[in-house]
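One structure is given below, encoded as structure tokens.
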């Protein structure tokens, strides 16, 4: 099962990255900040992420480059729900650098990879906000890959 998944992840661009060939301009889905992401919900893991290889750094760099070409400043600001005043001065990075790609979920026949695209301004010093991308695929390969861009935040506690 893990071997079949290998060919799904990066046959996404026509850059010799697997058996599956999809258009290089695969559309992005933009989801407002902290909206529920149903693909992250699921039961106990029936897949072992250790059986599924992450794409190569080169493959991720190619897809990352195609993803960020489709993201505009106004789109990112429109995703924001919590730090609207702080986001007004937000500028896209001059150079986007691919950050680590890691597993967010492996269960119920779905594999989700996640990466941070950019750090965003926050409305509170205890809150860290990030522009995220999720790559969602089913193990069977019967559904096309989904690429979801959203904002996720975390609240940190101060320990005294």
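The values are calculated or read from the model by the stated rules, or taken from the named source; none is laboratory data. What you are looking at is a predicted structure, and each value in this text was computed from that prediction instead of being measured. Here the Cβ positions follow ideal geometry from the backbone for every residue, glycine too, while neighbour counts run over all protein chains shown.
Hey, any hits in the range 110-121 for a residue that's modelled with pLDDT of 95 or more and part of a loop (DSSP other than H, G, I, E, B)? Among the residues of the range 110-121, at least one is modelled with pLDDT of 95 or more and part of a loop (DSSP other than H, G, I, E, B), which makes the answer yes.
The rows are residues; the columns are (1) crowded, with 16+ Cβ neighbours inside 10 Å; (2) under 14 Å from the mean Cα position of the chain (by Cα).
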{"site": "70", "(1), (2)": "no, yes"}
{"site": "85", "(1), (2)": "no, no"}
{"site": "88", "(1), (2)": "no, no"}
{"site": "98", "(1), (2)": "yes, yes"}
{"site": "104", "(1), (2)": "yes, yes"}
{"site": "111", "(1), (2)": "yes, yes"}
{"site": "150", "(1), (2)": "yes, yes"}
{"site": "154", "(1), (2)": "no, no"}
{"site": "158", "(1), (2)": "no, no"}
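No other residue among 91, 70 is assigned to a loop (DSSP other than H, G, I, E, B), in contact with a strand residue (DSSP E or B) (Cβ under 9 Å, 6 or more places away or on another chain) and modelled with pLDDT of 90 or more apart from 70. Within the range 94-109, which residues are in contact (Cβ under 8 Å) with a residue 24 or more places away in the chain, out of contact with any helix residue (DSSP H, G or I) (no Cβ under 8 Å at 6 or more places or on another chain) and either over 17 Å from residue 133 (Cβ atoms) or not in a strand (DSSP E or B) (or both)? Across the range 94-109, the qualifying residues are 107, 108, 109.
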